[in-house]
Amino acid sequence: MRPFTYERATSAEDALERHNGGAVYLGGGTNLVDLMRLGVEEPGRVVDVAHLPYGEVELRPDGSLVIGAAVSNSDLAADPTVREGHQVLAQAVLMGASGQIRNLATVGGNLLQRTRCSYFQDTAKPCNKRNPGSGCPAREGEHHNLAILGHSPACVATHPSDMAVALAALNASIRIRGRAGERTIPIEDLHRLPGDEPQRDTTLEDGDLITAIEVPALGMPSRYRKVRERASFAFALVSIAAALDVRDGLVHDVRLALGGVAHKPWRAWRAEEALRGAEATEEAFQRAAEAELEAAEPLRDNGYKVPLARNLIVRTLAELAGTGES
């Protein structure tokens with residue numbers, strides 16, 4: 001790890017002033033410090049924003065939430081308002097990392113964590129995300145846990161966050177403080193697909209600071225399910241955040257997002273469109289899953305993710321509809 005300057009911001013304005021000349025923001029540091037040890041990140045200045053006044057979860061009268069970016073993952077998952085009204089979010093957070101890491105990790109940092117692709121983390125190997133133009137050896141190399149949707153010739157990495165997948169299904173919005181002032185964007189517009197610029201994980205501009213996440217009221221049963229190679233402290237092979245509202249046997253509303261399959265949390269818009277107004281049956285869930293996965297382009301060793309994602313969609317929706325086994 002190379003020498004760097006550590007500074008603690010006292011306000012959002014102070015953080016923006018300090019963020020220049022190769023500086024990075026530090027929340028819990030659970031991902032950033034690892035990348036600094038590996039030599040992937042070599043900032044000249046680290047600006048600590050974990051102590052800014054964004055550490056509360058607010059329940060609004062309409063049932064929506066405002067989650068401060070400095071809230072720890074553990075506190076978010078344990079918050080009664082989250083557990084009662086947004087179960088999918090609490091479940092997703094609890095399935096991420098370990099208890100010790102969740103105690104330290106922040107909500108804002110969780111959204112911005114970087115891929116765990118082994119080529120990205122190994123500075124001795126080429127990687128377009130780390131060194132644009134150097135190539136993507138994962139396409140022909142080790143890629144069994146990489147993307148099947150939305151990837152490009154330049155990058156097949158996957159986004160690692162469980163929480164972000166749940167927030168995508170919940171239609172969350174992100175509050176950002178930038179040099180031009182404050183703005184709010186849908187979480188769908190925060191992360192990006194790789195295209196020919198895989199080094200850009202998000203649409204954030206230089207110095208942008210996430211201050212809070214706004215989550216609308218849900219009002220229907222929800223669930224997060226994660227398939228992984230071991231029972232804990234493992235990233236998703238495929239995960240799903242789902243919410244389903246069935247009335248008189250028909251799907252009134254549905255929310256679906258997938259993790260472990262793309263460079264960003266993958267909102268399953270095609271599946272949702274196929275399901276609204278349809279009968280809440282496993283056959284309909286199967287057709288919706290197949291419609292979503294028509295766009296899949298698996299590589300040599302990760303084709304198993306297609307049937308895995310299909311089965312995960314069908315089983316989770318069947319459970320929420322009360323037609324399948326839990």
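The values are calculated or read from the model by the stated rules, or taken from the named source; none is laboratory data. Since this is a predicted model, take the numbers as computed values, not measurements. Note: ideal-geometry Cβ built from the backbone for every residue, glycine included; neighbour counts use all protein chains shown. SASA here: full protein model, heavy atoms, side chains in, ligands and nucleic acids out. Shrake-Rupley method; radii C 1.70, N 1.55, O 1.52, S 1.80 Å.
Worth pointing out:
- Convex hull (Cα only) mean projected area of segment 225-302, reported in nm² to one decimal: 6.0 nm²
- On the basis of the beta-carbon distance and an R0 of 35 Å, residue 116 and residue 180 show a calculated FRET efficiency of 0.60.
- Relative contact order [Cα under 8 Å, 6+ residues apart], the chain, whole percent: 16 percent
- Segment 12-151 - percent of accessible surface contributed by carbon and sulfur, probe 1.4 Å: 49 percent
- Considering only alpha-carbon pairs that sit under 8 angstrom and 6 or more positions apart, the relative contact order computed for segment 222-321 is 26 percent.
- Among 216-224, 84-92, the order from most to least packed when residues are scored by Cβ within 10 Å on average: 84-92, 216-224
- Model label sites at residue 81 and residue 311, defined 7 Å from Cα along the beta-carbon direction, differ in position by 4.0 nm.
- Placing unit charges on each Cβ (+1 for Lys and Arg, -1 for Asp and Glu) gives the chain a dipole about its Cα centre, and among 165, 12, 98 the Cα reaching farthest toward its positive end belongs to 98.
- Long hydrophobic helices in the chain, taken as whole DSSP H segments with a C-alpha length of 20 Å or more on their own axis and mean Kyte-Doolittle hydropathy at least 0.5: 305-321.
- The share of alpha-carbon pairs in the chain lying farther apart than 28 Å comes to 40%.
- Cα-derived Rg over Rh, computed across segment 1-52 with Rh taken as Kirkwood radius: 0.96
- Rolling a 1.4 Å probe across the protein heavy atoms gives the chain an accessible surface of 44 Å² per residue.
- Rough spin-label spacing in nm, given labels placed 7 Å along Cα→Cβ, for residue 8 and residue 45: 1.8 nm
- The residues packed around residue 257, meaning those with a beta-carbon under 13 Å from its beta-carbon, carry a net charge of +3 if Lys and Arg are +1 and Asp and Glu are -1.
- Over the C-alpha atoms of segment 156-227, the Rg to Rh ratio, Rh being the Kirkwood estimate, stands at 1.00.
- Whole-angstrom gap from segment 20-50 to segment 228-289, using each part's C-alpha centre: 35 Å
- Fraction of alpha-carbon pairs over 26 Å apart in segment 170-326 - percent: 34 percent
- Cβ crowding within 10 Å averaged over residues, with 152-158, 129-135 ranked highest first: 152-158, 129-135
- Each label was represented as a point 7 Å from its Cα along the Cα-to-Cβ direction; for residue 323 and residue 290 these points are 1.5 nm apart.
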